[in-house]
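Below is one structure; the comments refer to it alone.
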Amino acid sequence: MQSLRGILNFTRTAELGSFAAAARELDISPVAVSQNISRLEKSLGVRLFARSTRALQLTPEGLAFWDQCKGPLAQLDAACKDIASDALHAAGKLRATVTSPVAYLYLIPLLSLFFKRHPQIQLELELSEDPAQLISKRFDLGIRVGVLNDAAFVARPLGPMRLLLCAAPSYIAAHGAPASMDALAAHALLQLQITGREQATPFFMQTKSDGVRSLQMLQLPGRLVCNDFRSLHQACIDGIGIAQLPQPVALNALRQGQLKTLLPEHVPEGWQLYIHYPSRKQLPARVRVFVDFCVEHFDGHPDLNADIAGFAAKR
C-alpha cells in the first residue's frame, strides 16, 4: 500500500489548490508537502500534478486518482471521529462478566439506575465463576474474587469476600457440626462445579501454625455438585448438606436463622472482590463509567463488611 501520508498530502493539495494551503491545514511546510507528493508520484509511476511557476493543475491521472481516494479517506476520517467519540462519550456495547452471586444480589438490581445515567450503553452480561473467561472471551471488564494472573488487566478492589462454611440447623441437629477440617469428609457436602472444569471447586480453608497462615484446599466428594450458587444455597437451607458460600449469598439466611456458620476459625482471610479491566491509559468511556459505577455502589457495602461472628453453630 502506498504511503498514506503522501495520499493525504495529495488529496488536501488537490482540494485546496496549492501546496501552501495544504501545508497550513496539515501544519507542515510547503516543501514537505511537495516532497511527500513527489515520493508518491515516483512510487505510483505517474505524475499527479502538472506544475509550473504560475499554476498547479491535476493531470488526468491525478484527477482519476483523487476521485478514487475521496471515499476511502472520508471513511477513515469518520472512523477516527467515531473512535474519538467512544473515548469521550459513554455509548456502545459493553461486554462484562460477573460472578453470579454479585450479579444477582447487587449488580442487576442497580442496572435501572445505571441505564438512566448512561442510556446509550448496551450491556452484554455473562454470569460466570470462571476467571479464565475474562481473558479468553475478550470481555471489556469482569468482577471476580481474587486478582487475575495477567498483567494486561488492572484489578481494582471492591470489598472483602469471605467464603463461609454453612449448614442448616436441621442438618446440624441430625448430623452434628464438624469439629475439625478432617471431620468434613464424613459429612454430606454441597459443591460448586464451574462449567467446563473436570473437578468440583475444593473447599478453601485457612490454617494457622506458629502465627503463620496458610490456605488448604480440600478436594472431597460431594453429595450434590452444581454450577449455580443459588441452588447450592437453597439445598443448604433445606438441610441436604454443608456448603461453602460467599458471604453475600449466605448473609440473609444467617440473619434469619436458616443457616449457621461452621469452623469459623478456618475462614480464609484477605480475599477480595475485584473489578478487572484492561490496563491501558485511555479506557473507552463506556468501560470507565461502569467501573466508576461499581466502585461507587460496592465499595464499603455493609453486606461485604458485615460481622458474622454471631452466626457460628454451637459445638
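Since every read-out is calculated from the coordinates, none of them should be taken as a lab result. Since the model is a prediction, treat every value here as computed from it, not as a measurement. Using ideal geometry, Cβ is built from the backbone for each residue, glycine included, and neighbour counts are taken over all protein chains shown.
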Treating only the Cβ atoms of Lys and Arg (+1) and Asp and Glu (-1) as charged, compute the dipole magnitude of region 4-88 about its Cα centre; round to the nearest 20 debye. 420
How large is log10 I(q)/I(0) at q = 0.10, 0.21 Å⁻¹ when the Debye formula is applied to the Cα atoms of region 4-88, each weighted equally and without solvent? -0.26, -0.98
Run the numbers for E124 and R5: contour at 0.36 nm per residue of separation, minus the present Cα-Cα distance, in nm. 39.0 nm
Taking R0 as 51 Å and r as the Cβ-Cβ distance between A186 and S112, the FRET efficiency 1/(1 + (r/R0)^6), rounded to the nearest 0.05, comes to 0.60
Just the number: Rg to Rh for region 244-315, Cα atoms, Kirkwood Rh, two decimals. 1.13
The long-range amide H neighbours of F49, using H built 1.01 Å from N in the peptide plane and a cut-off of under 5 Å, are T59
Can you put R223, R286, R117 in order, fewest other beta carbons within 10 Å first? R117, R223, R286
For T201, T13, T59, order by how many other beta-carbon atoms lie within 10 Å, fewest first: T59, T201, T13
For region 111-234, evaluate the Debye formula with one uniform point scatterer on each Cα (no solvent term) and list log10 I(q)/I(0) at q = 0.17 Å⁻¹, rounded to two decimals. -1.11
With equal scatterers on the alpha carbons only and no solvent term, can you work out the Debye log10 of I(q)/I(0) for the chain at 0.07, 0.08 1/Å? -0.48, -0.55
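Taking R0 as 25 Å, what's the FRET efficiency between M217 and N305 from their Cβ-Cβ distance, rounded to 0.05?
0.45
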Computed FRET efficiency, Cβ-Cβ of D238 and T195, R0 25 Å: what is it to the nearest 0.05? 0.60
Taking every pair of alpha-carbon atoms in region 102-180, what share in percent sits in each 5 Å bin, from 0 to the bin with the longest distance? 3, 10, 16, 17, 15, 12, 9, 7, 6, 3, 1
Find the centroid of the Cα atoms in region 128-166 and in region 271-296, then give the distance between the two in whole Å. 12
Given springs between every Cα pair under 10 Å in a Gaussian network model of the chain, which of G92, G62, G222 has the largest fluctuation? G62
With each run of n ≥ 4 DSSP H residues scored as -39500 (n - 2.57), what mean residue ellipticity at 222 nm is computed for the chain after dividing by its residue count and rounding to the nearest 500 deg cm²/dmol? -11500 deg cm²/dmol
Cα long-axis angle, helix 60-88 against the chain (0 to 90 degrees, to the nearest 10): 30
Given labels modelled 7 Å from the Cα in the Cβ direction, how far is it in nm from A132 to K314? 4.7
Based on other C-beta atoms within 10 Å, arrange D140, D307, D182 from fewest to most. D307, D182, D140
By its C-alpha gyration tensor, with a ≥ b ≥ c as the square roots of the eigenvalues, how is region 174-226 shaped: rounded for a/c under 1.5, else prolate for a/b larger than b/c, else oblate? oblate
Derived scalar couplings ³J(HN,Hα) [region 233-239; Karplus, 6.51 cos²θ - 1.76 cosθ + 1.60; whole Hz; x for Gly, Pro]: 4, 5, 4, 5, 4, 6, x
If I model a spin label as a point 7 Å beyond the Cα along the Cα-Cβ vector, how far apart are those points for S18 and A64 in nm? 3.0
Quote to one decimal, in nm, the extra length available between A173 and S279 on full extension: 0.36 nm per residue of separation minus the C-alpha distance between them. 33.1 nm
Given a cut-off of 17 Å, what percent of all Cα-Cα pairs of region 163-269 lie beyond it? 50
